[in-house]
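Encoded as C-alpha cells, the structure appears first; notes follow it.
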Amino acid sequence: MTKLSTWGDSYSSVPPWDIGHPQQAFVELVESGELRPSRILDIGSGPGENTIFLAKNGFSAVGIDFTPEAVRIARNRAIQRGIEVEFVVGDVLNLHRYFMEDGFYNIIDSGLFHSIHPQSLNELVRQIRRALKPRGVYYMLCFSDKEPPGGGPRRVSREEIKEILQPAFTIDYIRETIFESRIHEGGAKAYLTRATNSEVS
Ligand code: SAH
C-alpha cells in the first residue's frame, strides 16, 4: 500500500488530481439526474472538490481521507465557498470505526480504488458494503487499462473490477470516460463503474 507519508508529500505541492473543480464524470451523474441528493460518502476525498460539489447540489455529503493535509485543504475550500460539508481524517480500510452500518445511500470514489494495494481491495469492498444501505450504490472512477502505461496510478481492467466487486455488488455498468488531471492532456482514459449493493452475503 502507498504509505501515508508519501500521500502527505504529494499535497506539499498541487497534486495532478487536484484540478480545482469536480470530475466531469460526477458532474454529469448529478446533472443528468442519475445521482440524486442523498446521504453520500466520498472515500479518498482528497482536496474535496467532488464532495463540495455534491454538498452544493443538495447532498448530505461526507468526505474521508487518511492524509491530514488533504482534509485540511478540503475543509478550507468548503469554508471559503460557504458550503457545509463534513471531512473526516481516517482510513477507508477502517470505515467501520467512523461510520455506522447502513449509513449511506451512495458512496463515490474518485481515484481511490486505483490507489489501493490490490491485496487490500477485498477489504475495501467489505468496508464499502457495510457502510452502504442495502441496495445502496457505489460509483467508482479509476484509470483504465486503455490509458497507455506511464506515470500516474495503476491501470485497472474491466475484468478486475468485476472480479473484485462481484458477487457482493451487482455491476450496473462499467463505462468508458476520462479522469481529468493536471498532467494528462484531455484527461486520462478511465472507467466509471456503477455497482449496487446486492442481497448476496
Ligand atoms: N478523490 C480525490 C482524491 C484522489 S487521490 C479527487 O478526486 O481529487 C486519492 C486520495 O485517496 C488521496 O487523497 C489519498 O490520501 C487517499 N487515500 C489513499 N488511500 C487511502 C486510505 N486507505 N484511506 C483513506 N484515504 C486514502
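The values are calculated or read from the model by the stated rules, or taken from the named source; none is laboratory data. Every value quoted in this text rests on a predicted model; they were computed, and no experiment measured them. Don't worry about glycine lacking a Cβ; one is built from the backbone with ideal geometry, like all the others, and counts go over all protein chains shown. Note: areas computed on protein heavy atoms with side chains; ligands, DNA, RNA excluded. Shrake-Rupley method; radii C 1.70, N 1.55, O 1.52, S 1.80 Å.
Some observations on this one:
- In this structure the stretch 27-186 gives 47 Å² per residue of accessible area when probed at 1.4 Å with all protein chains present.
- Sequentially through the stretch 96-103, phi angles give Karplus couplings (6.51, -1.76, 1.60; θ = phi - 60°) of 4, 6, 10, 10, 5, 4, 6, x Hz, Gly and Pro residues having no value and appearing as x.
- The label-point distance for residue 196 and residue 72, in a model that sets each label 7 Å from Cα toward Cβ, rounds to 4.3 nm.
- DSSP bridge orientation in the chain - percent antiparallel, rounded to nearest 5: 45 percent
- Around residue 47: net Lys/Arg minus Asp/Glu count, Cβ-Cβ under 12 Å: -1
- Shape call, the stretch 1-146: gyration tensor on alpha carbons, a/c limit 1.5: rounded
- Computed lengthening from residue 182 to residue 24, 0.36 nm per intervening residue step minus Cα-Cα distance: 55.5 nm
- The largest accessible area among 56, 133, 189 belongs to the first residue in 56, 189, 133, and the rest follow in falling order (1.4 Å probe, all chains).
- In sequence order, the stretch 51-62 has phi-based couplings of 4, 5, 4, 5, 4, 5, 9, x, 7, 8, 9, 10 Hz under the Karplus curve 6.51 cos²θ - 1.76 cosθ + 1.60, θ = phi - 60°, and Gly or Pro positions carry x.
- Considering only 186, 46, 151, the mean-square fluctuation computed in a Gaussian network model of the chain, springs between alpha carbons under 10 angstrom, is largest for 151.
- Cα gyration tensor shape for the stretch 21-105, rounded if a/c is under 1.5, else prolate or oblate: oblate
- Long-range amide H partners of residue 102 with built H, under 5 Å: 131, 132
- Segment residue 5..residue 173, full-extension length gain: 57.0 nm, with 0.36 nm per residue of separation and the alpha-carbon distance subtracted.
- The 1.4 Å probe gives accessible areas that order 7, 17, largest first, as 17, 7.
- For the stretch 41-133, the fraction of 1.4 Å probe accessible surface lying on carbon and sulfur atoms is 46 percent.
- For the stretch 119-148 and the stretch 159-191, distance of Cα centres in Å: 10 Å
- Residue 122-residue 14 FRET efficiency (beta carbon distance; Förster radius 41 Å; 0.05 resolution): 0.80
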